[in-house]
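Written below as structure tokens is the structure these notes are about.
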Amino acid sequence: MVGKAMTLSEPFLTPTEAACVARVSAETIRRAIRSGRLPALKRLGSTRHWIERQALDRWIKGECATPALHSSMALADLMQQLPDLPTFQGDPVEIQRALRDEWQ
């Protein structure tokens with residue numbers, strides 16, 4: 001905030017302000033936002049993110065869920081739904097030739 005002192009009771013913070021509160025770099029805050037670990041709001045047509053103070057406090061305490069855990073669980077569920085695919089046996093060069101001949 002230009003020309004205004006930041007108070008700890010402000011409901012929304014910029015990434016730079018959030019970095020000061022969390023004692024990390026602003027880039028760390030931006031990476032957390034991009035990865036989905038730190039929720040942030042963005043006004044339509046704007047590139048500026050606003051972080052809710054309560055969300056930042058939860059992120060600092062480590063209470064925000066990591067999307068990697070959720071995505072790996074979703075990937076495991078997806079893998080179980082896939083049909084069994086045939087496996088190729090034999091010489092890889094022969095398989096490549098057969099596929100090439102099939103497409104010609």
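Worth a mention:
- At full extension, Gln80 and Trp50 could sit 7.0 nm farther apart than now, given 0.36 nm per residue minus the alpha carbon distance.
- Stretch gain in nm, segment Asp91-Glu27, where the contour uses 0.36 nm per residue and the Cα spacing is subtracted: 18.1 nm
- Simple spin-label estimate for Glu102 and Glu63 in nanometres, 7 Å along Cα-Cβ: 5.5
- Residue-span extension gain [Thr16 to Leu41] - 0.36 nm each, minus C-alpha spacing: 7.5 nm
We did not get these values from a lab; they are worked out from the coordinates using the rules stated. Just so it is clear, the model here is predicted, and its values are computed rather than measured. Note that we place each Cβ from the backbone using ideal geometry, even for glycine, and neighbour counts take in every protein chain shown.
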